[in-house]
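Okay, so here's the structure we're looking at.
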């Protein structure tokens, strides 16, 4: 069973920040939080991951709460091409097994 | 750097047949994982290989099997195909240093 809970859908205006929440209240100390997105049944695209510190890369920022029970993916300036299903996943260290939930369908509108 | 490649991209088989799908990971990645994606069940983990050894297995019947070669390329095999095996089969390879995992474009299998 998925260990994460995400809203099924969200809307965001183009150019605005998209903040996608994720709950992972049962996360263990050695489990990482990963974010992927999938566009039109292509292979999921890696976005970012983190353990307990906030992370930022060229695509997005990941904010993890201090108790690690939830996180937020931030796309700072959403574009129409960011329309996709976004998956928040926990992954155990030393295994590559990812347990996907149902994700959040993000719709960016003009 | 080339990404994860999967062949073939599309495949049509009939019930009862078997099929072999291939995955070439990113150069230098030794870990390969396989996933099945269907509209009803979403993305489900099949198995994971590291250095030619199966490290993890999902809850799929024994008709689903895989292997990994010394060059890290991996194959998965599905025997006695059923209609419900129609799906997008995805392969992913992992950078064991950064823990970044990258997916290929997938093989879309249709069973008729």
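When the residues of the range B:73-104 are filtered to those that are assigned to a loop (DSSP other than H, G, I, E, B) and at pLDDT 95 or above, which remaining residue is farthest from the other protein chains (Cβ to nearest Cβ)? Spell out how you get there, then give the answer.
Going through the range B:73-104, the residues assigned to a loop (DSSP other than H, G, I, E, B) turn out to be B:73, B:79-82, B:86, B:95-100, B:104.
Right, trim to at pLDDT 95 or above and you get B:73, B:79-82, B:86, B:104.
Values: B:73: 16, B:79: 23, B:80: 26, B:81: 20, B:82: 21, B:86: 13, B:104: 5 Å.
Among those residues, the one meeting the criterion is B:80.
Inspect the range A:22-41 for any residue being in contact (Cβ under 8 Å) with a residue 12 or more places away in the chain, more than 14 Å from chain B (Cβ to nearest Cβ) and either outside any loop (DSSP other than H, G, I, E, B) or over 28 Å from residue B:57 (Cβ atoms) (or both) and give the result as yes or no.
Yes.
Would the range A:81-97 turn up any residue that is more than 22 Å from residue B:90 (Cα to Cα), within 14 Å of another protein chain (Cβ to nearest Cβ) and surrounded by 14 or more Cβ atoms within 10 Å (Cβ to Cβ)?
Scanning the range A:81-97, I find no residue that is more than 22 Å from residue B:90 (Cα to Cα), within 14 Å of another protein chain (Cβ to nearest Cβ) and surrounded by 14 or more Cβ atoms within 10 Å (Cβ to Cβ), so the answer is no.
Answer yes or no: is there a residue in the range A:36-44 that is within 14 Å of the chain's Cα centre (by Cα), within 16 Å of residue B:99 (Cβ to Cβ) and surrounded by fewer than 19 Cβ atoms within 10 Å (Cβ to Cβ).
no
Taking the condition without any contact (Cβ under 8 Å) to a residue 12 or more places away in the chain, in a strand (DSSP E or B) and either touching a strand residue (DSSP E or B) at 6+ places or on another chain (Cβ under 9 Å) or within 13 Å of chain B (Cβ to nearest Cβ) (or both), does residue A:63 pass?
Working: without any contact (Cβ under 8 Å) to a residue 12 or more places away in the chain: yes; in a strand (DSSP E or B): yes; either touching a strand residue (DSSP E or B) at 6+ places or on another chain (Cβ under 9 Å) or within 13 Å of chain B (Cβ to nearest Cβ) (or both): yes.
Taking the combined requirement at face value, the residue satisfies it.
Pull up the range B:25-45, narrow it to residues that are in a strand (DSSP E or B) and more than 10 Å from chain A (Cβ to nearest Cβ), then point me to the one that is farthest from residue A:103 (Cα to Cα). Step through it out loud before you land on a result.
Residues of the range B:25-45 that are in a strand (DSSP E or B), as a first pass: B:31-38, B:42-45.
Remaining after also requiring more than 10 Å from chain A (Cβ to nearest Cβ): B:34, B:36, B:38.
Numbers: B:34: 19, B:36: 16, B:38: 14 Å.
Restricting to residues being in a strand (DSSP E or B) and more than 10 Å from chain A (Cβ to nearest Cβ), the top hit is B:34.
Being on the phi > 0 side of the Ramachandran plot, within 13 Å of the chain's Cα centre (by Cα), modelled with pLDDT of 95 or more and surrounded by 17 or more Cβ atoms within 10 Å (Cβ to Cβ), is that true of even one residue in the range B:10-26? Working first, answer last.
The first filter runs over the range B:10-26 and keeps only residues on the phi > 0 side of the Ramachandran plot, leaving B:16.
If we keep only those that are within 13 Å of the chain's Cα centre (by Cα) as well, we get none.
Taking every residue of the range B:10-26 in turn, none turns out to be on the phi > 0 side of the Ramachandran plot, within 13 Å of the chain's Cα centre (by Cα), modelled with pLDDT of 95 or more and surrounded by 17 or more Cβ atoms within 10 Å (Cβ to Cβ).
The values are calculated or read from the model by the stated rules, or taken from the named source; none is laboratory data. This structure is a prediction, so every number in the text was calculated from the model and none was measured. Positions of Cβ are backbone-derived with ideal geometry, glycine not excepted, and every protein chain shown enters the neighbour counts.
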